Structure formats: structure tokens, C-alpha cells
Amino acid sequence: MAGWPRNDLSELLGVEHPIIQAPMASAATPALAAAVSNAGGLGSLGCAPFTPEKFAEQVGALRADTNRAFNVNFFVHDEPVADSEAETAMRQRLAPYYAELELGEAPAARSVFPIFGAEMLAAVTALKPPVVSFHFGLPEHATIETLKASGAVILASATTVREAVALEQGGVDAVIAQGYEAGGHRATFLGDVESGTVGTFALVPQVADAVSVPVIAAGAVADGRGIAAAFALGASGVQIGTAFLACPETEMHPVHRELLLQARGETTQVTRTISGRPARAIVNRYITEMNESGAEPLAFPLQYSLSGPLNAASRKRDSSDLMVMWAGQAAALARPLPAGELLTKLADEAQAVIAAM
Ligand SMILES: Cc1cc2nc3c(=O)[nH]c(=O)nc-3n(C[C@H](O)[C@H](O)[C@H](O)COP(=O)(O)O)c2cc1C
């Protein structure tokens, strides 16, 4: 095997293969991350919904299964501003769904993702994860300095060149360029929240030209061809989410797994109707009807506190109608293999494609 064309990212992360299993809040488990790290990639935990106690428990579970490098990921968002008029309208809009699922009245909206603050920072520096990544921007500079002093490598996602440059100036060690094809939340944090719509193919080379830190391509990278293409575009590695969703180690409802494997590019859509921020999911009845109604979602993550109970009840009923089913445009390329096997396959395929180029 010819090996990887660049090794700056692998050296930085302390991994054999420059392949990061994306942190996926609510889907990525310690078992998934450990399997990826043990196979030579970088496993990640999506820690955005965790309390410091839950974070410590999950990192402990991960460390029980691997002694290799791993990544923990947090959201960087502001405390949402409550708008009682908008909330009343949204609760009324969702009331028929609550009735249909026999959930009673829609609850009062609340922030379901804690703000990354001093308490979580203390938990992170106490446990010293080798890599810490952020979505929706960066915390204040002193926090980055504290994390770096604890030995952490810092990553964050950009959806535009402007964001990539801001992240480099903010002190990240590598930039994740997240194209519009990506599953889950758009990382967009500068300018209008709707503005980060650049595709992976356009974004990666422009980010590689604009920053001097290694670039990690994310968005529709799902097999060896995609990884090789990312390198050709100037990336030093990839972050893959959707293709790992089909692995048995994820927390996926079987209905979501089935629709994921049947999905095509056009069956996913970026929507604010689930959480209040743009995020790509498999289109279902909830997204279609919310789009048709024109209802304005509440600010992130308040909208999630109202759609979340519908998701939970739909999961219990094995119904995709109101389920949250994050997925990217390359969903159909996902393979339901154990994560370690998938990582090895991705690395082998990519190196074979690169060697043949
Ligand atoms: C189910 C799911 C959950 C995700 N959750 C997070 C998250 O918690 N934090 C984060 O930084 N990115 C999250 N993402 C986005 C990924 O980091 C990455 O940008 C994306 O998966 C790449 O595109 P792909 O899905 O086509 O591989 C999530 C993606 C998916 C599919």
C-alpha cells in the first residue's frame, strides 16, 4: 500500500489513518468511538447534550475500551432568547402531533443543550481527552488556551472560508471544512445562519488555500473514492458521520437505519424545523408538514425541546413520521459493518484509489 499523501494531520492527532468518525450527539456511542480508535482512526463522542457527570461516565466507558486517541465534541451556542408569543404559536402548531401521540400538552420550551461553560471546562481539563472539537464556532480565547495547556488538540468546523480563517485566528490546530452535503447540524456561526451552503467540492480547496493549519473535509465522504477526492482537493484528512451511522455500535432506531440505507441525495433536506438551526435530515412527514405550514421555528435549541418528545414517542411506536433522522446526501453509500471493519475498509480503499491515481 502506498500510504497517505500527507501526514500532518495523523501526526497531530496521533492516529494511523487520518479518518475521524464524526462526533454525533445522540448517535455516537463509546463503543463506536472505541472501535474506530482501535482500528487506527479517531473515534469521537458528541457531548453537546451531556452534563459534566454524564461526560465523565462516557469518557470512562470509552477509555475502558481503548487506550488510543479520541475526540470529544461540544456545541458553542448562546443562551436562547425566549419569545413567549412565538412559543405559544409553535406549541399550538405542534399540538395536533402531541394529541396524535397521546403526549398531552406541548411542554414549555427550554434549552436542551447546556452552554459550554466553566463547569464543563473543568470536567474536560480533569479528564484530558487528547482531542476536543467544537461546532457553531469557538468558546472564548482563554478557554482555548486552557484546553491547549491541558494537552488537547483543538478542532472546529467551518462552512465558509471566512469561518475557516476565523477559526485559525482563534487558535484551532486544524479546520474541519463542512460542506452542505453533510448530515446533521450546519456548523455555520458567522453571518446569517442560513449562509453556509457551500458544497464540499467547492469549500475544501478554498479553505486549504486560505489557512495554514491542516484541513479536514466533511460532508458526503463515505468511501475510499470520497477520501481520495478530499486529498486531491487539498485536505489532510476527513471527518465522516453518515457512513458510520449504519454501524451496529450506533444508537440508531432500526427504522432510521433502514431509511438511511435506502436514502438518496434528494431524500435528505436541510431544515430548521427540528432544532431551530439548519441541519440535514431524511425528509419525513414532520419536515414536509412543517415546511408547508410556514411556521417559524423557535431559536436553537428551544425548537428541539418541543420536537424532541415527538421524536421519542415516534421511536417507541417504530414510526418514521415524526422521528428525527439526521443523514447526509451520501447516505446510500453507508455500509452496515462493524465500525472497526468499516474504518479499515475505508483506509484500504482510499489508499488503493490514491495509489491508482
Ligand atoms: C447523526 C449526526 C449527528 C451529528 N452530530 C454532530 C455533533 O454532535 N457535533 C458535530 O460537530 N457534528 C455533528 N454532526 C456533523 C458531523 O460532524 C459532520 O459534519 C457530518 O457528519 C459530515 O457529513 P456526512 O454526514 O456526510 O459524513 C452530526 C452528523 C450526523 C449525521
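Summary table below
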{"read-out": "Residue in region 306-323 that is nearest to Gly104 (Cα to Cα), counting only those that are out of contact with any Leu (no Cβ under 8 Å at 6 or more places or on another chain) and open to solvent by 30 Å² or more (accessible area, probe 1.4 Å)", "value": "Ala312"}
{"read-out": "Segments classed as strands (runs of 3 or more DSSP E), wholly inside region 14-76, with at least 1 members that are closer than 16 Å to Lys128 by Cβ, within 19 Å of the chain's Cα centre (by Cα) and of a type in the set (A, V, I, L, M, F, W, C)", "value": "43-46, 70-75"}
{"read-out": "Unique residue being open to solvent by 30 Å² or more (accessible area, probe 1.4 Å) and either closer than 20 Å to Ile115 by Cβ or of a type in the set (Phe, Trp, Tyr) (or both) when the list is Ala82, Ala64", "value": "Ala82"}
{"read-out": "Wholly within region 205-323, strands (runs of 3 or more DSSP E) carrying at least 3 residues that are away from the ligand (no atom under 14 Å from the Cβ)", "value": "none"}
{"read-out": "Residue ID - most open to solvent (accessible area, probe 1.4 Å), chosen from residues in region 324-339 that are assigned to a loop (DSSP other than H, G, I, E, B) and more than 13 Å from Ala281 (Cα to Cα)", "value": "Pro336"}
{"read-out": "Odd one out for Gly137, checked against (1) closer than 16 Å to His77 by Cβ; (2) modelled with pLDDT under 95; (3) not hydrophobic (A, V, I, L, M, F, W, C)", "value": "(2)"}
{"read-out": "Residue pairs meeting the criteria (Cβ under 7 Å; at least 6 apart or on separate chains; first more than 12 Å from Leu127 (Cβ to Cβ), in region 56-68; second part of a helix (DSSP H, G or I) and of a type in the set (A, V, I, L, M))", "value": "Asp65/Ala31; Asp65/Ala34; Thr66/Ala34"}
{"read-out": "Selection status of Leu45, of a type in the set (A, V, I, L, M), surrounded by 24 or more Cβ atoms within 10 Å (Cβ to Cβ) and more than 11 Å from the ligand (Cβ to nearest atom)", "value": "no"}
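Residues are listed down the side, and each one gets a yes or a no for (1) open to solvent by less than 10 Å² (accessible area, probe 1.4 Å); (2) within 15 Å of the ligand (Cβ to nearest atom); (3) touching a Ser or Thr at 6+ places or on another chain (Cβ under 7 Å):
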| position | (1), (2), (3) |
| --- | --- |
| Leu9 | yes, no, yes |
| Ile20 | yes, yes, yes |
| Met24 | no, yes, no |
| Ala34 | yes, no, yes |
| Asn38 | no, no, yes |
| Gly41 | yes, yes, no |
| Ala56 | no, no, no |
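The values are calculated or read from the model by the stated rules, or taken from the named source; none is laboratory data. These numbers were taken from a predicted model, which means no experiment stands behind them. Heads up, the Cβs are rebuilt from the backbone with ideal geometry, glycines too, and the neighbour counts pull from every protein chain shown. Areas reflect the complete protein model, heavy atoms only, side chains present, ligands, DNA and RNA absent. Shrake-Rupley method; radii C 1.70, N 1.55, O 1.52, S 1.80 Å.
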